[in-house]
Amino acid sequence: MADKAFFRNKGPFSVSKIAEMTGAEIADSAKSDLMISDIETMEKAGDDQICFFYDKKAKTKASEIKASACVTTKDLAPFVASNTAILTCDDPKGAYLKLNLAMYEEYLPEPHISSKASIHPTAKIGKNCVIADFVTIEENAVIGDNCRIESGAYIGRACQIGNNCRIGVNATISYCLMGNDCYIYSGARIGNDGFGFNTIAGQHKRIPQVGRVIIGNDVEIGANTCVDRGALDDTVIGDGCRVDNLVQIAHNDKFGRGCILVSQVGVAGSCHFGDYVVCGGQTGFADHLNIGSQAQIAAQSGVMRDVEPGAVLLGTPAVPFKDFMRQVAFLQKNSKKQG
């Protein structure tokens, strides 16, 4: 259940309306007019609430559901408590997303530009924007329509932010061209220097980083994540990418469409990722690697060589899934012999 102090509840909705919104079927039409006011977990849901049941491992708990309604699959429906209104569909997770979007929304501020913001006279601000207190927007920066720039955020010189973007509290954007519908979370650092040095006569001399960060459309970059600008070429984040909190993306890295990087991933410089690559938490990549489209890298893996498209790797150094399992089996078998 969403706290009404933080999220507006647009319900209640009838069971028949929920079925219409989610594409689900009602098992008992007599319960079509039942009103649902909130979404809750299986364990906590009660009167006037709906839950979602899609995990086969929770079958033993399904008979204890006290929710007024439950969305599940046809295979799992027989396990749900008999007094609960049952809606069935092939994808309860997708149904949950649809109902969540319909039921709840954030309290959004009305468009305004705070008198406490510092905006250079040459900066251009689009229509219906929110520019909060203590925001800084430097010269020649361009902010598109319907953007939300939250307190303390910094938009550097000549940066371009597309339409419908949200820049979180204290995030900093510099040397960056950003598309539409992006969300940069609080504390993210976009466009700082890449980590480039030459050692000359025993001293580490910084190599000027003169590239940019290019961010496509519909990209989310998590809290306290860093995306460094390119050294000479650009750092590129493709359309639809999802980058979690506390991720490091180094200079000149390039990501195709729809890549997912989970928390604490670290990508060294000049790596090229294809489309829809998935990287589990704490995965590390050496520099100058090519990672093929739809590759899947398991959590805490260390990738030191190029990865073929569609490969599934894990371990350090990362190897194909079957090879890793053989290694584990070999070690377990031989460690027992030693004992």
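Throughout, read-outs are computed from the coordinates displayed, never taken from laboratory work. These numbers come from a predicted model, not from an experiment. Neighbour counts run over all protein chains shown; Cβ positions are idealised from the backbone, glycine included.
Remark: the THR316-THR122 segment gains 64.8 nm on full extension, using 0.36 nm per residue and subtracting the alpha carbon distance.
In this calculation the C-beta distance from HIS204 to LEU232 is compared with R0 = 22 Å, giving a FRET efficiency of 0.70.
Starting from the Cα gyration tensor of the stretch 171-321, take the square roots of the eigenvalues, sort them a ≥ b ≥ c, and report rounded, prolate or oblate (rounded when a/c is under 1.5, otherwise prolate if a/b is larger than b/c, else oblate). Because a/c hits 1.5 or more and a/b fails to exceed b/c, the stretch 171-321 counts as oblate. Step through the table entries LYS59/LYS93; LYS205/LYS254; LYS93/LYS254; LYS4/LYS59, compare each Cα-Cα distance with 28 Å, and write down the pairs that go over it. Those over the limit are LYS93/LYS254; LYS4/LYS59.
Its Cα gyration tensor gives the stretch 11-105 an equivalent ellipsoid, and the semi-axes of that ellipsoid, as √(5λ) in whole Å with the largest first, are 18, 13, 13. The peptide list 112-121, 65-74, 198-207, 24-33, put in order of mean Cβ contacts within 10 Å with the highest first, becomes 65-74, 24-33, 112-121, 198-207.
Take each peptide in 140-146, 77-83, count the other Cβ atoms within 10 Å of every residue, and average; sorted highest first, the result is 140-146, 77-83. Under 17 Å from a label point set 7 Å out along the Cα-to-Cβ vector of LYS10, the amide N atoms of the stretch 85-106 belong to 95-106.
Here ASP47 and ASN334 are evaluated by their C-beta separation; at R0 = 45 Å the FRET efficiency comes out at 0.15. Net charge around LEU177, counting only other residues with Cβ within less than 10 Å of its Cβ (Lys, Arg = +1; Asp, Glu = -1)? For residues surrounding LEU177, the net value is 0.
Values (1) 31, 59, 10, 0; (2) 31, 55, 13, 0; (3) 26, 44, 28, 3, 0 are given for comparison; P(r) over Cα pairs in 20 Å bins from 0, in percent, derived from the coordinates here, is the one labelled (3). Spin-label model, MET325 to SER151: label points 7 Å out along the Cα-to-beta-carbon direction sit 5.2 nm apart.
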